[in-house]
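Q: Can you read through this structure? Questions will come right after.
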Amino acid sequence: MPFSVKPLAGQQAQAIEINGLTKADIAEPGVRRQLNELWVEHGLIVFRGMEGGSTHVALSEVFGPCQTHPIKQSNTPVDHPELTNVQYEPDGENGMVYSVNGVELGAWLPLHSDLIYVDKVNHGGILRPMHIPKAGGATRFLDKIVAYDTLPEALKARIEGLEVIYRFDINIENMKFAVDEVKLKFLGFKFKDIQSRLHLYPRSVHPLVYTQAQTGRKILNLSPWFAEEIIGLPREEGEALLRELCVHMLRHPAIYDHPWQEGDLVLWDNWRMLHGGAGVPRGERRWMQRTTIKGDYALGRLETETAGARELRTVDV
Ligand SMILES: [Fe+2]
């Protein structure tokens, strides 16, 4: 291997840190194969000392084609349509601000899976910091294999074969199974626009447990943000079960907060890891760029194919 691999410090799951990878290495078929095997095995990889732009895109394409938006959007850099800006500006017209347990935070997002609110869930993404805030700004991850393994055996048996319905709603104040006290303070124009069309969007359905094909390991396939109900259970029973599972995940001791360093490229498997934003004080700027790696684990479906489904598949959260 032309690079070094070690366990990622500060986390108790299987994430790793890679040092010494160059852009030239990324083109080598043997390296690409090794990186894919490491991704499946570990789920979260922090690459140190990396450049952005074309290197960010080239590394992402080791793991699958990147999703680009069919319509040019203001948050896409001109030179690389594969990249998306994830940006919080204190005085900006976009972004969201919440009071979370009494503290005002920008760039705060609860743990979730990207695109769980549609049928085709992307395989992953790579994040890179463009401006690291002076305070806060960590990206949070939780390994859903660890989340499954740490469930009581009786609960594992109870959730086998169940399916969860998800509903898209960008306002986190409306999150059904939250553990924090959340109040919306500011919703930017872009999100107000999306929010005005919620009635057009269908709900999605995904299995609550699934097995990683390459390893046979089971995954607690639940995204606490957007989860709404369980198919086939009486409403109260389903909600109580989802609440128990969401508390298990949202308060899990294995949640890892990644403290960003210049030159980091962080790859996560969206089929296996939950991610979220720890948030920044309202007056801090935070700017990231990300790719979205395509894929379809082929276990999701829409409840109904509505007119809004096409747009919902392009919403980046
Ligand atoms: Fe996300």
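Q: List pairs: first in the range 1-30 and within 16 Å of residue 44 (Cα to Cα) and modelled with pLDDT under 95, second in a loop (DSSP other than H, G, I, E, B) and open to solvent by 60 Å² or more (accessible area, probe 1.4 Å), Cβ under 9 Å, 6+ apart or cross-chain?
A: Taking only residues 6 or more apart or on different chains, the pairs are 12/253.
Q: Same structure again: Which of the following residues is of a type in the set (Lys, Arg), open to solvent by 30 Å² or more (accessible area, probe 1.4 Å) and within 16 Å of the ligand (Cβ to nearest atom): 140, 158?
A: Details: 158 fails: within 16 Å of the ligand (Cβ to nearest atom).
Result of the check over 140, 158: 140.
Q: Being within 16 Å of the ligand (Cβ to nearest atom) and surrounded by fewer than 18 Cβ atoms within 10 Å (Cβ to Cβ) is the filter here; which residues of the range 252-286 pass it?
A: Answer for the range 252-286, where residues must be within 16 Å of the ligand (Cβ to nearest atom) and surrounded by fewer than 18 Cβ atoms within 10 Å (Cβ to Cβ): just 257.
Q: Keeping to the range 101-114, report how many residues are more than 12 Å from the ligand (Cβ to nearest atom) and open to solvent by less than 10 Å² (accessible area, probe 1.4 Å).
A: 1
Q: Would you confirm whether any residue within the range 118-131 is open to solvent by 10 Å² or more (accessible area, probe 1.4 Å), farther than 30 Å from residue 233 by Cα, of a type in the set (A, V, I, L, M) and more than 16 Å from the ligand (Cβ to nearest atom)?
A: Yes: one or more hits.
Q: Continuing with this model, one more query. Counting just the residues of the range 213-225 that are open to solvent by 10 Å² or more (accessible area, probe 1.4 Å) and touching a residue at least 12 places away in the same chain (Cβ under 8 Å), which one comes out nearest to residue 312 (Cα to Cα)?
A: Filtering first and then ranking leaves 218.
Q: Now for a different question. Just to be sure, is residue 235 over 25 Å from residue 123 (Cα atoms) and touching a Phe, Trp or Tyr at 6+ places or on another chain (Cβ under 6 Å)?
A: no
Q: Sort out which residues of the range 3-47 are in a helix (DSSP H, G or I) and exposed (fewer than 13 other Cβ atoms within 10 Å of the Cβ), and write them in order of number.
A: 23, 24, 29, 30, 33, 37
Q: Additional query: Read through the list (1) buried (at least 20 other Cβ atoms within 10 Å of the Cβ); (2) at pLDDT below 95; (3) more than 15 Å from the ligand (Cβ to nearest atom), then give the number of the only condition that residue 312 fails.
A: Just one mismatch for residue 312, condition (3).
The values are calculated or read from the model by the stated rules, or taken from the named source; none is laboratory data. Bear in mind the structure is a predicted one, so any value in this text is a computation, not a measurement. All Cβ positions, even for glycine, are placed from backbone atoms using ideal geometry, and neighbour counts span all protein chains on display. Remember, those area values only see protein heavy atoms, side chains included, never the ligands or the DNA or RNA. Shrake-Rupley method; radii C 1.70, N 1.55, O 1.52, S 1.80 Å.
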